[in-house]
Number of protein chains: 2
Amino acid sequence: MSEPRGRSTQRHATATDVARLAGVSQSAVSRAFTPGASIARETRARVEDAARALGYRPNAIARSLTTRRSRIIGVAAAYLQNHFYPDVLEALSKGLQARGYHLLLFTPDAARDADPLLQEVLAWQVDALILASTTLSSALAGQCRAAGIPVLLFNRTSRHADVSSVTGENLRGGRLIAEFLVAGGHKRLAFIAGIENSSTSRDREAGFTGWLAEHGHAPPLREVGLYDFEAASAAARRLLARSDRPDAIFVANDHMATAVSEVARHEFGLRIPRDLSLVGFDDTGPARWPSFSLTSFAQPLHPMVDAAVAMVCEMIEDPAAPTRHQVVPGELVVRGSARIPPEGCVSRGDALVWRPVQETVV
Amino acid sequence: MSEPRGRSTQRHATATDVARLAGVSQSAVSRAFTPGASIARETRARVEDAARALGYRPNAIARSLTTRRSRIIGVAAAYLQNHFYPDVLEALSKGLQARGYHLLLFTPDAARDADPLLQEVLAWQVDALILASTTLSSALAGQCRAAGIPVLLFNRTSRHADVSSVTGENLRGGRLIAEFLVAGGHKRLAFIAGIENSSTSRDREAGFTGWLAEHGHAPPLREVGLYDFEAASAAARRLLARSDRPDAIFVANDHMATAVSEVARHEFGLRIPRDLSLVGFDDTGPARWPSFSLTSFAQPLHPMVDAAVAMVCEMIEDPAAPTRHQVVPGELVVRGSARIPPEGCVSRGDALVWRPVQETVV
DNA sequence: TTGAAAGCGTTACCAT
DNA sequence: ATGGTAACGCTTTCAA
């Protein structure tokens, strides 16, 4: 071991090493690894041989420094307990990897405030940032935009900052669910919200209560479940312990809806949907299992992720592009957790969905 | 906009800009942002003011290039459907972020083979790689080690490559479950494996069948569930349709165990644990909900993640450190999905765990 | 098509 | 304690 400075015996081969071995210039090596570059067929072959021999791979970090594009996309995610997000993360990662991007994970720590997270995001020169966390203040989004980093909100929007977003049909879903429950003959409706100031929960609620109000129904009872399993369980307990217990609950997402289902059946001995109808939102994970068989407004994963990938790439290509709010259509998937109205169900693929004869358009 | 070349109006401030404004050298700026550097209190203050004024943050990419440490840790994850992994990912990310590392996500695509993934991992100069995917061949681990990158296997081991790992007590868990089921008076046992050649499934099975053999019991029936919800459901159907239907099934993880529970109750009308006992492994997610109330050998998330974080950091500090296989102790959490033996249950915290009077040591 | 050379934004090593 | 300067490994002009 006569190496004077290497901390590891394994010194990575660099483009210069390859150039020396191939008998070409270092620039030629760079060209050999640049898709559209002008290089002679034979030169490329020589470089490739040498590279193989040395186990050379272009250093992505160095490349990022010169190209000023990191090909890294930051993703701030939390609440991975909610099954929707891991699925999103996996699909996003695959989609972006196919386009040569990688996801750098930022996990907001409730203990620390958002600022250090912002600093880290900025430090890493991410090409874009995807916010898939309801928790994170929209302030972060605004600051990144201000710093010139394209930001995409996934499954949420922001009314303060002017930031692009991909969401499901939160408003329409809420309306449809109201109509569905009323058509099912329910008399005492309730809503369990997620986090109060999250756009997703607000929109779903607005659709729900909006439709009810427009059609002369009493406003629903209301509790807050904070998108959390335990908090949603507690909300359910409060609701179900009332003397005027609701006969139908719309829960702002499936994750909380499964909690409500558990409490209703196992703690209150209620039969679903005989004693209580339950409708969720997302149509993911355990909600589909027979034990829950949840009627739920679907947020179609792949269309949403595809839209997100396309938008992110577009924003990177053209940072000046105008903000867009893409809403991906879903449908109300009917299963066994809520009483089924006499009319309006049509089978679609392997699922049953509900389509009111004449949907009231907002 | 007279800027001739900027693609974005927002050009990031560099250390040179800050130096100019603060009236110091660029080296001084670097020192101001380097924790242990020797710099006068007053100089640092001047630099900090200037930095604040310009919105300056050291460029992590450039830093990585000179320090030859990216402070990025690659994590290859898949099967995020299994609730255990999202939890792991979130905890790992938090733990590493606290130590100044970030996770770069690599999602193996079943369609492509592992080689491009390796190339990408290498290109990114990750400081270490955590493999938290049962799918990925251990070949990847070996190649990374060969390239001088510290590799840590999480929730799996490899017998081919000489790679460090953090796992739960797969072997002991399997043995304990065998003992538990026999003590519960079950006569016809079955095992549902994950992926055949995954160390995790193999070890759990080896513990299970090993104990049975040592104590003169017939070998269990066996099916393969591939760690997949649908495949596990199918395995359960095959098992439960037999004329000599098992009276207890040990399923290699909770994710599959919930599938088995669904099939047993909803398709076969079996009552659990009266007609069938079920034991899983992991003690995560839906398994804890009343609907499943799964008896399961716990893999304690935080101890495992803490161990992983510590080991990764250690490996980065000292790449020559010997391989270590850390086994994090767990215990058999007793709930309602399996008949409870007359003796051996002790309450521990808010859970009931099973401790045979005199555990047979391997 | 090719090679030389100038960055990219840092850190690290020198002298001072 | 400080400033000058040489890397780090690459892409990208610019001439040839």
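Quick rundown of the values:
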{"read-out": "Single unsatisfied condition, residue B:76 versus (1) more than 14 Å from DNA strand C (Cβ to nearest atom); (2) in contact with a helix residue (DSSP H, G or I) (Cβ under 8 Å, 6 or more places away or on another chain); (3) of a type outside the set (Phe, Trp, Tyr); (4) without any contact (Cβ under 8 Å) to a residue 60 or more places away in the chain", "value": "(4)"}
{"read-out": "Qualifying residue in the range A:209-216 (condition: within 14 Å of chain B (Cβ to nearest Cβ), aromatic (Phe, Trp, Tyr) and out of contact with any Gly (no Cβ under 6 Å at 6 or more places or on another chain))", "value": "no"}
{"read-out": "Number of the exception - residue B:76 against (1) of a type in the set (Gly, Ala, Ser); (2) under 20 Å from residue A:147 (Cα atoms); (3) assigned by TED's automatic domain parsing to the domain that holds residue B:314", "value": "(2)"}
{"read-out": "Conditions (1) within 42 Å of the chain's Cα centre (by Cα); (2) among the acidic types (Asp, Glu); (3) within 11 Å of DNA strand D (Cβ to nearest atom): number failed by residue A:87", "value": "(3)"}
{"read-out": "Answer residue from the range A:56-77, given it is more than 7 Å from chain B (Cβ to nearest Cβ) and part of a loop (DSSP other than H, G, I, E, B) and is surrounded by the most Cβ atoms within 10 Å (Cβ to Cβ) among those", "value": "A:56"}
{"read-out": "Within the range B:23-43, tally of residues that are more than 8 Å from DNA strand C (Cβ to nearest atom), part of a helix (DSSP H, G or I) and surrounded by 18 or more Cβ atoms within 10 Å (Cβ to Cβ)", "value": "2"}
{"read-out": "Residues of the range A:265-292 classified as more than 14 Å from chain B (Cβ to nearest Cβ) and touching a strand residue (DSSP E or B) at 6+ places or on another chain (Cβ under 8 Å), total", "value": "7"}
{"read-out": "Condition broken by residue A:83, with the remaining ones in (1) under 22 Å from residue B:119 (Cβ atoms); (2) facing chain B (nearest Cβ under 8 Å) satisfied", "value": "(1)"}
{"read-out": "Residue that is crowded, with 21+ Cβ neighbours inside 10 Å, more than 9 Å from chain A (Cβ to nearest Cβ) and more than 16 Å from DNA strand C (Cβ to nearest atom), where the choices are B:47, B:151", "value": "B:151"}
{"read-out": "Meets criteria (within 7 Å of another protein chain (Cβ to nearest Cβ) and over 13 Å from the mean Cα position of the chain (by Cα)) for residue A:104", "value": "yes"}
{"read-out": "All positions within the range B:308-327 that are assigned to a loop (DSSP other than H, G, I, E, B) and either within 17 Å of residue B:158 (Cα to Cα) or not assigned by TED's automatic domain parsing to the domain that holds residue B:129 (or both)", "value": "B:322, B:323, B:324"}
{"read-out": "Strands (runs of 3 or more DSSP E) wholly inside the range B:205-307 that include at least 2 residues being farther than 30 Å from residue B:323 by Cα, in contact (Cβ under 8 Å) with a residue 60 or more places away in the chain and among the hydrophobic types (A, V, I, L, M, F, W, C)", "value": "B:248-251, B:277-282"}
{"read-out": "Some residue of the range B:231-247 being surrounded by fewer than 24 Cβ atoms within 10 Å (Cβ to Cβ), outside the structural domain of residue B:131 (by TED's automatic domain parsing) and touching a His at 6+ places or on another chain (Cβ under 6 Å)", "value": "yes"}
{"read-out": "Elements of type strands (runs of 3 or more DSSP E) in the range B:104-200, at least 3 residues being touching a Leu at 6+ places or on another chain (Cβ under 8 Å) and over 30 Å from residue B:60 (Cβ atoms)", "value": "B:189-193"}
{"read-out": "Answer residue from the range A:278-327, given it is over 30 Å from residue A:262 (Cα atoms) and among the polar types (S, T, N, Q) and is surrounded by the fewest Cβ atoms within 10 Å (Cβ to Cβ) among those", "value": "A:323"}
{"read-out": "Every pair of residues 6+ apart whose Cβ atoms lie under 9 Å, when the first sits in the range B:33-50 and is farther than 16 Å from residue A:119 by Cβ while the second is away from DNA strand C (no atom under 11 Å from the Cβ) and among the hydroxyl-bearing types (Ser, Thr, Tyr)", "value": "none"}
{"read-out": "Criterion: away from chain A (no Cβ under 11 Å) and of a type in the set (Val, Ile, Thr) - qualifying residue of B:182, B:126", "value": "B:182"}
{"read-out": "Failed item, numbered, when residue A:11 is tested on (1) more than 8 Å from DNA strand C (Cβ to nearest atom); (2) assigned to a loop (DSSP other than H, G, I, E, B); (3) surrounded by 17 or more Cβ atoms within 10 Å (Cβ to Cβ)", "value": "(3)"}
{"read-out": "Which listed residue, of B:136, B:96, is buried (at least 23 other Cβ atoms within 10 Å of the Cβ) and either more than 26 Å from residue A:285 (Cβ to Cβ) or more than 10 Å from chain A (Cβ to nearest Cβ) (or both)", "value": "B:96"}
{"read-out": "One residue from B:145, B:222 being of a type outside the set (A, V, I, L, M, F, W, C), in contact with a strand residue (DSSP E or B) (Cβ under 6 Å, 6 or more places away or on another chain) and assigned by TED's automatic domain parsing to the domain that holds residue B:315", "value": "B:145"}
{"read-out": "Residue within the range A:263-272 that is among the aromatic types (Phe, Trp, Tyr) and over 23 Å from residue B:83 (Cα atoms) present", "value": "yes"}
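A quick yes/no check of all residues on (1) buried (at least 17 other Cβ atoms within 10 Å of the Cβ); (2) over 19 Å from residue A:272 (Cα atoms); (3) modelled with pLDDT under 95; (4) not small (Gly, Ala, Ser):
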residue: A:174; (1), (2), (3), (4): yes, yes, no, no
residue: A:178; (1), (2), (3), (4): yes, no, no, no
residue: A:187; (1), (2), (3), (4): no, no, no, yes
residue: A:201; (1), (2), (3), (4): yes, yes, no, no
residue: A:207; (1), (2), (3), (4): yes, yes, no, no
residue: A:212; (1), (2), (3), (4): yes, yes, no, yes
residue: A:250; (1), (2), (3), (4): yes, no, no, yes
residue: A:253; (1), (2), (3), (4): yes, no, no, yes
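The values are calculated or read from the model by the stated rules, or taken from the named source; none is laboratory data. What you see is a predicted model, and the numbers here were worked out from it, not measured in a lab. Don't worry about glycine lacking a Cβ; one is built from the backbone with ideal geometry, like all the others, and counts go over all protein chains shown.
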